[in-house]
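Sharing a structure with you now.
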Amino acid sequence: MENKFESTDSLSDTENEDTEDSDNLEVEDNSDTRGKKFRGGLIELCIYAAVIVLCFTFVPKHVLQRTIVSGSSMMNTLKSGENLLVEKVSYHFADPKRFDVIVFYPHGRDSEDYYIKRVIGLPGETIQIIGETIYIDGEELEENYGKDPIAEQGIAAEPIKLADDEFFVLGDNRTVSEDSRFEEVGPVKRENIEGRAIFRIYPFSKFGTFK
C-alpha cells in the first residue's frame, strides 16, 4: 500500500509540474496577445494621424479647398460671406471653360490677393466690349450672367487678343467688379488660376451647386 501511495504521490508531482508549465504557457500566450493588440492599435493610430495630416495639408492645397466670398463683385450669383468649395484637380487635365467660376491670383502667386470671377474669353480669342455688348472674335456673346448692363468697358473698349495661356474674366456684378477690363488685373494667366468654384456650403439655405 505504501508503494501505491508513493506511486500516486509521484504521479501527482508530475501532474503539478505539467500544470505549472501549462500555466506558464498560458501567461506567455496572453502577454503575446496583448503585445499584438498594442502594436495593432499603434499602427491604426498612425494611420489615423496620417489621414488627418493629409486632410489638413495635401487636400486643401491640391484637391479641395473652402473659400469665402468677400465683396459684391459676383452678385447676384454669389454674395459676400458665402462659403464655397473650390476643386483644384480638373484643371490639371483640362483648361477652364467659358462661364466657369474660377478663383485666381490677379497679381501672381507671390501676392496674397485672391479673386473669384467668371471666365468669358478663352486663349487665342479676341475680346471687345462695345457699349453693353461683349464680342468674341467679332461675334456677339450670348450670356445673361451680368447683374446689370456693362457701364464701363475699360481696356476692352479696344480689341484684346488673348495669348495661348490667357483668359478674360468678368465679375457678374459688372458695375463694381475689378476684372480683366482693368489694367490692374487684365487677362489672367493660366498659371495663376487656382481652381474652379463648384459648390456652395454656406448659407445652408443655399447649399448646393450654382452656375
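Tabulate in residue order the Karplus-calculated ³J(HN,Hα) for region 103-112, using 6.51 cos²θ - 1.76 cosθ + 1.60 with θ = phi - 60°, rounded to whole Hz; enter x for Gly and Pro.
Per-residue couplings from phi come out as 10, 7, 9, x, 10, x, 6, 6, 8, 7 Hz.
List the equivalent ellipsoid semi-axes of region 66-206 in whole Å, largest first, each obtained as the square root of 5λ for an eigenvalue λ of the Cα gyration tensor.
Values: eigenvalues 105, 64, 36 Å².
Listed largest to smallest, the semi-axes of region 66-206 are 23, 18, 13 Å.
Here's another thing I want to ask about it. Using amide H atoms built 1.01 Å from N in the peptide plane, name the residues 5+ places from ILE120, or on other chains, whose amide H lies under 5 Å from its own.
Here the answer is PHE99, PHE168, VAL169, LEU170, since their amide H atoms fall under 5 Å of that of ILE120.
Shifting gears a bit: Pairs LYS88/LYS117; LYS88/LYS189; LYS97/LYS117; LYS117/LYS147; LYS88/LYS161: which are spaced more than 20 Å apart, C-alpha to C-alpha?
LYS88/LYS161
Once phi is turned into ³J(HN,Hα) by the Karplus curve 6.51 cos²θ - 1.76 cosθ + 1.60 with θ = phi - 60°, what whole-Hz value does each residue of region 68-82 show in order, with x for glycine and proline?
The phi angles translate into 10, 5, 10, x, 10, 6, 10, 5, 8, 5, 10, 10, 4, x, 6 Hz.
Between SER90 and PHE204, what is the FRET efficiency for a Förster distance of 22 Å, r being their Cβ-Cβ separation, to the nearest 0.05? Show your work: numbers first, answer last.
Details: r = 26 Å, r/R0 = 1.17.
For R0 = 22 Å, the calculated efficiency reads 0.30.
Okay, next question. Tell me, what HN-Hα J-couplings in whole Hz come from the Karplus equation 6.51 cos²θ - 1.76 cosθ + 1.60 at θ = phi - 60° for each residue of region 202-211, using x for Gly and Pro?
Values, residue by residue: 7, x, 5, 5, 10, 4, x, 6, 8, 10 Hz.
Read the figures in this text as sums done on the coordinates, not as results from a lab. Just so it is clear, the model here is predicted, and its values are computed rather than measured. With ideal geometry, Cβ positions are generated from the backbone for all residues, glycine too; neighbour counts draw on all protein chains shown.
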